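Nothing in this text is a laboratory measurement; each read-out follows from the coordinates by a stated rule. Keep in mind it's a predicted model, so treat the numbers as computed, not measured. No Cβ is skipped: glycine too gets one built from the backbone with ideal geometry, and neighbour counts run over all protein chains shown.
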Amino acid sequence: MNISILGSTGSIGTQTIDVAENLPNFRITALTAHRNHELLAQQARRLKPQLLAMYDKTAAHKLKAALSDLAKSHKFEIVAGMDGLLQAATLADCDIVVNALVGSIGLRPTLAAISAKKQIALANKETLVAGGSLVMAAARKNGVTIRPIDSEHSAIWQCLQGADLLDKSQKSPNSSIKRIILTASGGPFRTWTHEQISQATVQDTLKHPNWDMGAKITVDSATMMNKGLERIEAQFLFGLPTEKVDIIVHPQSVVHSMVEFADGAILAQMAAPDMMQPIQYALTMPSRPPRQHTPLDFSQMQLTFEPPDFEKFPCLQIAEQAAKLSQTTLPAMMNALNEILVAAFLRGEIGFYDISGHLRRAVAGYRYEEVAGLADIDAAERWAAEFWGGRSSKTNNLQ
Ligand code: MG
C-alpha cells in the first residue's frame, strides 16, 4: 500500500508516519507540510518519498536548498501551494491519502483525491463540516470509502463493522441504529466555573487532560466546539440526522464512542487514549495487526459519564444549530469563523468567551443557503472573513 500524508509535520501526520513505519507493506510516497520545512526535510531523508509539497512557497525554496544533497542520490520532486497539495492528493503511485491537514483548507485536496479514486483516511474533520454533502456524494459516485481517523468516529466505525452493519456505500442510515453516542473528555475546563473560564488564558486552554494534540484542536476541545464539529462529521459519515447523535461527557477518554441498536444493545469501543490505534485501523481495516499499546487495567479504573453543560460551553449550542442545517452553508461559515477566532485567541487578541460570543452573533446575522457546489462554501468562508474584518475594533468578553 502506498500512502500520501497531507500535513505530515503535525500531530496526526507524525503519528501516521510512526504507524506506517511499523506496518509491513506500507510505503510513503508523498508528504506535505504547511511551512515546517526543517521537519519535512528530516522526514524526506528518512522515508524517501517521490513527492514533497510545501504549502508556503518561501518554505518550499528553503526545503529545496536543504535537500540539494539528497537530490543527487534519490529522485523526488518538490512542489508548492494548493497545487502542490492537489498533486500529493492525486499522485498516480498512491492508494490511500491520509488527510491530516488542519482546517477547511483540506476540502479541495480531499475532493481531488476522491475524484482520483484514492481511499481516504480522514483526520481533517473541518473537511466534512464545511463540505460534507459534496464529499460524501463524490465518495459514493467514485466508490471511495471515507475511513475516519477521528477517534470517536473510528470508534463508531469499528462498532458498526463489529456488528457487520456498516453500510459500505455510506449512503443511508441503517434502521438498526437507534443512535450514536459521541463521548467527550470535557476538556481542561470541565470542572471550572463560568467565571473562571471567562478568565482562561491561552496557557490554561492548551493543557488538555487526556490528549496531546495540535493547538487548534486543543482550543476547540476547551470550548467544546470540537464535539460540535464532530457531531456534524458523524452525521455525514454515518448518514444520521442530528437527533440520532448524542453527546456525553466521559472524562477518562477510555470509551471512545458507542452505538445503540434498535434492540437496545449498545456496543462501545474502548482503548487507552492514543491516536495510533484509530490511525492504524484506518490504514489496515478490517484487519488488526499487532501494535505496541498501553493495556487497560479495568481493576484500577472508574469510568464516569455526565451530561454536557451547554451553558458553560455555548459552542455546543451554536454547533447544534448548524448541525440541524448540515446541508446548508451554515456549518461552513461557522467553521471558517471558528478557525479565525481560534487563531485570534491563540495570538492573545480575544478572550476565551469571545470565541462563542462572536460565533453566536455571526450565526444570528448570516443567511445560509443550500450547498450546491464549492463556490457556495467559498462564499460562506468569505462571509466569515468579512464579518471578522468588519467587526468593531473594541473586543471584550461578550458573555
Ligand atoms: Mg475526536
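Values as computed for the structure displayed
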| quantity | calculated |
| --- | --- |
| Fluctuation leader among G373, G351, G131 - the chain, Gaussian network, Cα springs under 10 angstrom | G373 |
| Listed residue (A121, L337, A155) projecting farthest to the positive dipole end of the chain, Cβ model | A121 |
| Residue order, fewest to most beta carbons within 10 Å, for K64, K125 | K64, K125 |
| Stretchable slack from S115 to E311, in nm (0.36 nm times residue separation minus alpha-carbon distance) | 66.4 nm |
| Range of Cα positions in the stretch 244-399 per principal axis (Å), largest first | 55, 36, 33 |
| Length added when fully stretched, A71-Q292, from 0.36 nm per residue minus Cα-Cα | 76.1 nm |
| Residue with peak Gaussian network fluctuation, the chain [Cα springs, cutoff 10 Å], from Q50, Q269, Q292 | Q292 |
| Whole-number Å³ per residue for the convex hull built on Cα positions in the stretch 152-277 | 112 |
| Shape category assigned to the stretch 25-116 from the gyration tensor of Cα positions, a/c cut at 1.5 | oblate |
| Relative contact order (%) - criterion: Cα under 8 Å, at least six apart; region: the stretch 224-335 | 36 |
| Chymotrypsin sites (Phe, Trp or Tyr not before Pro) lying in DSSP loop within the stretch 302-399, provided at most 14 other Cβ fall within 10 Å | F305, F310 |
| Label point distance in nm, R347-A375, each placed 7 Å from Cα along Cα→Cβ | 3.1 |
| 222 nm mean residue ellipticity, helices alone, for the chain (DSSP H n ≥ 4; -39,500 (n - 2.57); rounded to 500) | -14000 deg cm²/dmol |
| As computed over the stretch 100-139, the Cα convex hull volume per residue (Å³) | 53 |
| Surface/4 estimate of mean projected area, convex hull on alpha-carbon atoms of the stretch 275-335, nm² | 7.7 |
| Of K141/K178; K48/K125; K118/K207, those spanning more than 31 Å from alpha-carbon to alpha-carbon | K118/K207 |
| Global form of the stretch 45-89, assessed from the alpha-carbon gyration tensor, a/c cut-off 1.5 | oblate |
| Neighbour-count order for L316, L341, L374, fewest beta carbons within 10 angstrom listed first | L374, L316, L341 |
| Fraction of beta bridges assigned by DSSP in the chain that are antiparallel (%, nearest 5) | 30 |
| Average Cα contact separation per residue, the stretch 170-263, under 8 Å, 6 or more apart, as relative contact order % | 55 |
| Mean Cα-pair separation over length for the chain, i.e. relative contact order, pairs under 8 Å, 6 or more apart, % | 15 |
| Tail beyond 12 Å, pair distance distribution of the stretch 335-381 (Cα, percent) | 65 |
| Ratio of Rg to Rh over the stretch 75-129 (Cα coordinates, Kirkwood Rh, two decimals) | 0.95 |
| Dimensionless Rg/Rh of the chain - Kirkwood Rh, Rg from C-alpha atoms | 0.95 |
| Residue order, fewest to most beta carbons within 10 Å, for K57, K48 | K57, K48 |
